[in-house]
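Just below is one structure, and these are the notes that go with it.
The values are calculated or read from the model by the stated rules, or taken from the named source; none is laboratory data. Keep in mind it's a predicted model, so treat the numbers as computed, not measured. Glycine gets a Cβ as well: all are built from the backbone with ideal geometry, and neighbour counts include every protein chain shown. Heads up: the accessible areas ignore ligands, DNA and RNA and are worked out on the full protein's heavy atoms, side chains in. Shrake-Rupley method; radii C 1.70, N 1.55, O 1.52, S 1.80 Å.
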Amino acid sequence: MASTLKPYLTCVRTTLNAALCLRNFPSQTVERHNKPEVEVRGSKELLLNPLTICRTDKEKCLIEPSVNSVRISIQIKQADELEEVLCHKFTRFLMQRADQFIIMRRKATKGYSISFLVTHAHLEKMWKDKLIDFVIQFMEDIDKEISAMKLAVNSRAR
Amino acid sequence: AVVGYTMADDAAVLAEVEARKGSVTSMVTQKNFVGALTAALADPEKVLASKSANVKSANAAVVFQVIEAIEDKEIDGVLEGLDPLVMDLLMKYVYKGLGTPENANSLLKWHAKVLERCGPGGIVRSMTDRKTV
């Protein structure tokens, strides 16, 4: 398992690097509005092909690009019921504080544990490389956090 | 580019894919991996133009058959002579394969190797091209 982590993360990183080429694109349906097209899903022409990168059947990453926004959804590895509960509670905690994370989505996409929504406005303010570093780091750390929490629960139970 | 492709053409394309599968399988057993991969990725227009999932998955199965047969250390050699357009098509197939959890290990290695040769443009083309694999 550990052997595939690095290639998996490199794959996600390079795909994100290519997907995060965003530009400002005001809404074509409502004047003076600017909406992330990947969320609105109005025009097919503005949406690009979504790419899924699976590491195992339990762990995968979905990247849905569009002209002005990208939605990144991550399914975290949950080996047993305890990890499922911990993951659910932890991601709920993070998603409630989504404003602090700026790019996080308050609700995860269906079938995934947690989602990010990156828009052109974010890329104008933040370095693209650092943003990708953040997402990759997040993916690494969340696995470690959940394992640590599981150990803590088990040791407390004893 | 194929003009005027309709659902009626799907049967003919499926037959083509079957024929391709036959020749590819024989090349794979002879360990002619370069030939097998080039044959599997040849004539993609009709498969790309088709809207039928059967046609696309049948062709994808042929390509993955070759990919699975090639060992990790041989990947570089196989990719050496490939045309850039074929490389782009291969990248699309790599992403299609990565969509399901089987062969994730080897496909991630293929992704890195193909990326070296086609660059981030290859990834952008798999995202933007309406004609999906």
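Out of the residues in segment A:27-75 that are hydroxyl-bearing (Ser, Thr, Tyr) and either out of contact with any Leu (no Cβ under 8 Å at 6 or more places or on another chain) or surrounded by fewer than 20 Cβ atoms within 10 Å (Cβ to Cβ) (or both), state the one that is farthest from residue B:125 (Cα to Cα). Steps first, answer last, please.
Residues of segment A:27-75 that are hydroxyl-bearing (Ser, Thr, Tyr), as a first pass: A:27, A:29, A:43, A:52, A:56, A:66, A:69, A:73.
Of the ones still in play, those that are also either out of contact with any Leu (no Cβ under 8 Å at 6 or more places or on another chain) or surrounded by fewer than 20 Cβ atoms within 10 Å (Cβ to Cβ) (or both) are A:27, A:29, A:43, A:52, A:56.
Numbers: A:27: 24, A:29: 27, A:43: 19, A:52: 15, A:56: 25 Å.
In this case the residue turns out to be A:29.
Go through segment B:3-26 and report how many residues are surrounded by fewer than 20 Cβ atoms within 10 Å (Cβ to Cβ) and part of a helix (DSSP H, G or I).
Summing the residues that are surrounded by fewer than 20 Cβ atoms within 10 Å (Cβ to Cβ) and part of a helix (DSSP H, G or I) in segment B:3-26 gives 14.
Taking only pairs six or more apart or across chains, which ones have beta-carbon atoms under 9 Å, a first residue in segment B:21-36 that is farther than 10 Å from residue B:69 by Cα, and a second residue that is surrounded by 15 or more Cβ atoms within 10 Å (Cβ to Cβ) and of a type in the set (Phe, Trp, Tyr)?
From segment B:21-36, the pairs are B:27/B:33.
Being within 30 Å of residue B:106 (Cα to Cα), in contact (Cβ under 8 Å) with a residue 12 or more places away in the chain and at the interface with another protein chain (Cβ under 10 Å from one of its Cβ atoms), is that true of even one residue in segment A:17-32?
Yes, some residue in segment A:17-32 is within 30 Å of residue B:106 (Cα to Cα), in contact (Cβ under 8 Å) with a residue 12 or more places away in the chain and at the interface with another protein chain (Cβ under 10 Å from one of its Cβ atoms).
When you scan segment B:82-102, do you find a residue that is in a loop (DSSP other than H, G, I, E, B), open to solvent by 20 Å² or more (accessible area, probe 1.4 Å), within 18 Å of residue B:126 (Cα to Cα) and in contact with a Cys (Cβ under 9 Å, 6 or more places away or on another chain), even just one? If you could, list the steps in order and put the result at the bottom.
Going through segment B:82-102, the residues in a loop (DSSP other than H, G, I, E, B) turn out to be B:82-83, B:99-102.
Restricting the remaining residues to those that are open to solvent by 20 Å² or more (accessible area, probe 1.4 Å) gives B:82-83, B:99-102.
Checking which are within 18 Å of residue B:126 (Cα to Cα) leaves us with B:82-83, B:99-100.
Restricting the remaining residues to those that are in contact with a Cys (Cβ under 9 Å, 6 or more places away or on another chain) gives B:99-100.
Yes, segment B:82-102 contains a residue that is in a loop (DSSP other than H, G, I, E, B), open to solvent by 20 Å² or more (accessible area, probe 1.4 Å), within 18 Å of residue B:126 (Cα to Cα) and in contact with a Cys (Cβ under 9 Å, 6 or more places away or on another chain).
Return yes or no: is residue B:46 away from every other protein chain (no Cβ under 13 Å), under 21 Å from residue B:2 (Cα atoms), outside any helix (DSSP H, G or I) and open to solvent by 60 Å² or more (accessible area, probe 1.4 Å)?
no
Being without any contact (Cβ under 8 Å) to a residue 60 or more places away in the chain and either crowded, with 19+ Cβ neighbours inside 10 Å or touching a Cys at 6+ places or on another chain (Cβ under 9 Å) (or both) is the filter here, so list the residues in segment A:81-93 that pass it.
Of everything in segment A:81-93, those that are without any contact (Cβ under 8 Å) to a residue 60 or more places away in the chain and either crowded, with 19+ Cβ neighbours inside 10 Å or touching a Cys at 6+ places or on another chain (Cβ under 9 Å) (or both) turn out to be A:87, A:91.
Test of understanding: among A:78, A:100, which residue is at negative phi, surrounded by fewer than 21 Cβ atoms within 10 Å (Cβ to Cβ), of a type outside the set (Ser, Thr, Tyr) and in contact with a Cys (Cβ under 7 Å, 6 or more places away or on another chain)?
One residue alone meets the criteria, A:78.
Among the candidates B:56, B:109, B:92, single out the residue that is basic (Lys, Arg), in contact with a Pro (Cβ under 8 Å, 6 or more places away or on another chain) and within 27 Å of residue A:57 (Cβ to Cβ). Before you say what the answer is, go through the steps one by one.
Working: B:56 fails: in contact with a Pro (Cβ under 8 Å, 6 or more places away or on another chain); B:92 fails: in contact with a Pro (Cβ under 8 Å, 6 or more places away or on another chain).
From the options B:56, B:109, B:92, the qualifying one is B:109.
Working only within segment B:86-118, note down all residues that are more than 9 Å from every other protein chain (Cβ to nearest Cβ), among the acidic types (Asp, Glu) and either in contact with a His (Cβ under 6 Å, 6 or more places away or on another chain) or closer than 18 Å to residue B:56 by Cα (or both).
B:88, the sole residue that qualifies.
Evaluate the following for residue A:125: is it out of contact with any strand residue (DSSP E or B) (no Cβ under 7 Å at 6 or more places or on another chain), without any contact (Cβ under 8 Å) to a residue 12 or more places away in the chain and under 25 Å from residue A:27 (Cα atoms)?
Yes: the conditions hold for residue A:125.
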